[in-house]
Structure formats: C-alpha cells, structure tokens
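Derivation of every value follows stated rules applied to the coordinates shown; laboratory data play no part. If you're wondering where the values come from, they're calculated on a predicted model, not measured in any experiment. A quick note on method: Cβ atoms are made from the backbone with ideal geometry, for glycine too, and the neighbour counts reach across all protein chains shown.
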Amino acid sequence: MTNVSKRSEDINESITLKLNAKAVALAKEGQKVYNLTAGQLPYRPPKELVEAIRGELDFLKSFQYSPVAGDGELLEKLIDYVETSRSISFEDYDHRFAATVGNGGKHVLANIFAALVNPGDEVIVFAPYWISYPQMIKLNGGVIKVVEASIYNAFEPDLEKLKELLSDKTKAIILNSPNNPSGVFYNEKWMKSFAEIIKPFENTYVISDEIYYELNYYDPRPTYFYQYDRELLSRTIIVDGISKSLASTGLRLGYCIAHEDIISAIKKIQGHTASGSCSLIQRALLRYNLNQIDEYLSPVKKHLRENSLILREVLRENQLEKCWYQVTSAFYFLMDFSSAPIIEKFKKSEDDQTDYSVQICEQLLEEKGVAMVPSGDFGLPNCARMSLVLPKDDFRDAIIALSEFLTRE
Ligand code: PLP
C-alpha cells in the first residue's frame, strides 16, 4: 500500500467530479444531457482584456517571475478598486493594509488559512458553504464549527447559532456573500447584526470571500459588515479575483487585502510554495479598466435574471413553490429536495434524516439527463446546486425535466 500522509488521507474527494464524468459519458452515448453543474460563466472574457493579453510583449516583465506578492502597480490598482467598489477607505488606521495576488481565489484562500490557523484553532463556517473551506481548515489542523441555514430563511445563516459558537477559541469566521452554492447575498440587516455580534471578539478574523461580489443581478448591491464599523475592517481579509467577474477561471488570478502583517505571512508561505502568480495576466490586468466590469457583466446579468424568472415560473407551474426562494447573485440556485414529493421515494421512514442527495442526483441524471451537484459537500443534506448559465431554451427544458422528476408520484 502506498504510504501517503495522514493529512492527505483526511481530505475528501469531491463527488462533483464523479457526476460530471457520468454526465459527459451519457452525452457521448447520444443522450440529451442538461449539465447544470457549471462553476464558471460560459462567456467570452472582455475583449479589452483579451487584447491586453495579446499585446503584452514586454518579455522581461510578462514572461519572467513576478514579485511574490504580485506586481506593485497592480496591487495598488486592486486596492483602489476595492476601496471604490465597496465605498471604504484603507487609510488612517494605526497599521497599513496591503494586498497580495495568487493563482486564483482558491490559492489565496489556502494561503490565508495557512497563515492564520494553528492546530486546534476554531474556524466558523456558514452552511451551505463552498466545498473547499472545510478541507483547507482541516489541512491546517483547524476545528470546523458550522452555522447552518435552510431554505426557510432563504439560506441566510442563523445568527443566534453564531452567538452560541463564538468564543475566545474562534480564530476566524469565513463569510461568503454572495454565496456559492445558494446564489443569495446576506442582506444589510444581517450584515449589521453580524457586525454587532462579532465586535467584542477582538481576536477573531473575518475572511470575507467576495469572489462573486460583482455578480449581483438584482438591486441592491451586496454590502458588508465592515462598511458599518470601520474598526472591523482591520481584522478582515477581503478576497476577490477575476475568475467569476471576468469569466476567466483559467487565467488563475485572485487577490486579497488585509493587515500588512497577514500579507507578510502569506508572502512567506507563497514564496516557498508557488512564487509569484502568472506575470502575463498581471501585466495585462494593468491595462484593463476594472471599472468596466459592470458594463461587461450587463448582458450576463440580464441572462441570469431571465433564467431566474424561468426557474420561478416552471417551479410554480408544477406546484413546487416550496422549493423556490429568490436568488439574486453569483449564478447558482440550491434545489431543496426535502420540500419536493420525490424525497418520499427515498426516505425509509417519516423521521429519516439521511442525506439522499447523491442518490437523487444520480437517478435524476440517469432518468432525465439533468446533472446537478449534490449538497453533501456544501454541508447541507438533501439539496443540489444548479447553475443558471445555460442558454434560455435549454435551461427551461432542464427545469421542466427536473420538475417532472421532482413531482413524480
Ligand atoms: N470562493 C468561492 C466561493 C468559489 O466558488 C470559488 C470558485 O468556485 C473560489 C473561491 C475560487 O475561485 P478561483 O480559484 O477560480 O479564483
């Protein structure tokens, strides 16, 4: 038997890949498959960005190592962008803020957890959560504490539960608003209460994963707790990147802004594990006006709005209102099977609490050709994530097929 580390054995493999492989195999066999598993926008990136990459001919700067934290000019630009877009200022604190760039938001987050979490430290995570957070916390020996949410409150985490879990042992809270997989952002009232609750816990950091910030397709824009209490910004690590907002998952560029000491710690880790991230894309980004993101995303948002309306309409036509909630951002919807008739076919008894999401998704794919991501990896049972990015007609057909499956007697 191969003698791999205990740490690597503790990491879960994702079920998504298995289901995706099955979806691809079925499509190859000629079956019509509606693949709703996408974690990226199927659009062209902005032409200005593509042109900037094409025009990048400074071989020393764009083809050789970049500084570990990233190109200095780009870091300043990113700080300016976050200040303007979030209406905040990093000035006039008793310490400096700094930024660092990594190979995608995922790399930046992995660095942050490595820089903050000691074995035994508690990290609070809100379910449904992005699948990689618990694995990253485990890799660093952290203890995961989960605050759950359900469809009954449109997947907004329960702040009373947060109060119960917060203690002197809480090293960090990871917040992801707009949220993958629910497609909602936590509203102003929630953010204000969150700010009040965490205020006394002065040694607790908040990692604010804002990778979907730009992708709200209904008003208002997402807001954040640190906008209501300046002091809280000094213990916040803001994470963003271009994967989602510029449809550029393959270019691998994410960044974070935080207290300069945290950035120094990240720099040390990244310096020995990855070096600076891709120079070419950093140089090209210098020539891209980040304030154009909104304009670039305008047709994308229109498409997402239209598909969200189709979703509501088809679910209503099939008496599946209980499964519906208003999505507003990112490009996902979390289907709650426990509110649909299909769950009765799986449950062994009235109070059976087993998670059947994998079996339900497998059957849905086999029978109707609809591929979704089961929710076990998101920390909630009996749900599945769908992306809203398919072309309108295909999306409608997919939701009709899904509804037939969900309502089958
Ligand atoms: N955070 C969340 C919530 C995500 O959904 C993703 C990607 O799916 C990431 C971070 C990482 O994005 P990337 O590494 O592609 O920049």
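Here are the numbers for the structure shown:
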| item | result |
| --- | --- |
| The range 1-41, dipole about Cα centre (Lys/Arg Cβ +1, Asp/Glu Cβ -1), debye to the nearest 20 | 120 |
| Positive-end extreme of charge dipole, the chain - chosen from 130, 225, 153 (charges on Cβ) | 130 |
| Cα shape, the range 162-268, gyration tensor, a/c 1.5 rule | oblate |
| Label-to-label distance, nm, for residues given as residue 317 and residue 275 (7 Å Cα→Cβ offset) | 5.6 |
| Pairwise label distance in nanometres, residue 51 with residue 18, each label 7 Å out on the Cα-Cβ vector | 4.8 |
| Cβ charges +1 (Lys, Arg) and -1 (Asp, Glu), total dipole of the chain, debye | 840 |
| Protection-proxy order for peptides 346-357, 253-264, each taking the mean of Cβ atoms within 10 Å per residue, highest first | 253-264, 346-357 |
| Two-site FRET efficiency, residue 306 against residue 3, from Cβ-Cβ distance with R₀ of 51 Å, rounded to 0.05 | 0.45 |
| Highest-first arrangement of 381-393, 53-65, where packing means the average Cβ count within 10 Å | 381-393, 53-65 |
| Under Karplus coefficients 6.51, -1.76 and 1.60, residue-wise ³J(HN,Hα) of the range 118-132 in Hz, glycine/proline x | 9, x, x, 5, 8, 10, 8, 10, 9, 8, x, 10, 5, 4, 7 |
| Contact order normalised by residue count of the range 165-274, Cα under 8 Å, 6+ apart, percent | 24 |
| Percent RCO, i.e. relative contact order, over the chain, from Cα pairs under 8 Å lying at least 6 residues apart | 24 |
| C-alpha long axis of helix 392-406 to longest principal axis of the chain, angle in ° | 50 |
| Unit charges at the beta carbon, dipole of the range 1-103: most positive-side option, 87, 64, 37 | 37 |
| Per-residue HN-Hα couplings for the range 203-215 [Karplus 6.51, -1.76, 1.60; θ = phi - 60°; Hz; x = Gly/Pro] | 9, 9, 8, 10, 9, 9, 7, 10, 4, 9, 3, 6, 9 |
| In the range 75-156, GluC sites (Glu not before Pro) in a DSSP loop with at most 12 other beta-carbon atoms within 10 Å | 91 |
| Relative contact order of the range 278-409, pairs being alpha-carbon contacts under 8 Å that are 6 or more residues apart, as % | 30 |
| Whichever lysines have a C-alpha closer than 30 Å to that of residue 348, once near sequence neighbours (fewer than 8 apart) are set aside | 18, 22, 145, 161, 322, 368 |
| Residue 38 long-range amide H proximity, modeled H, under 5 Å | 387 |
| Helix axis angle, 72-86 relative to the chain longest principal axis, alpha carbon, degrees | 50 |
| Label-point separation in nm, residue 63 to residue 11, each point 7 Å along Cα→Cβ | 3.3 |
| Ordering of 39-48, 277-286 by burial proxy (mean other Cβ atoms within 10 Å per residue, highest first) | 277-286, 39-48 |
| Longest to shortest principal axis, alpha-carbon extents of the chain, angstrom | 62, 55, 51 |
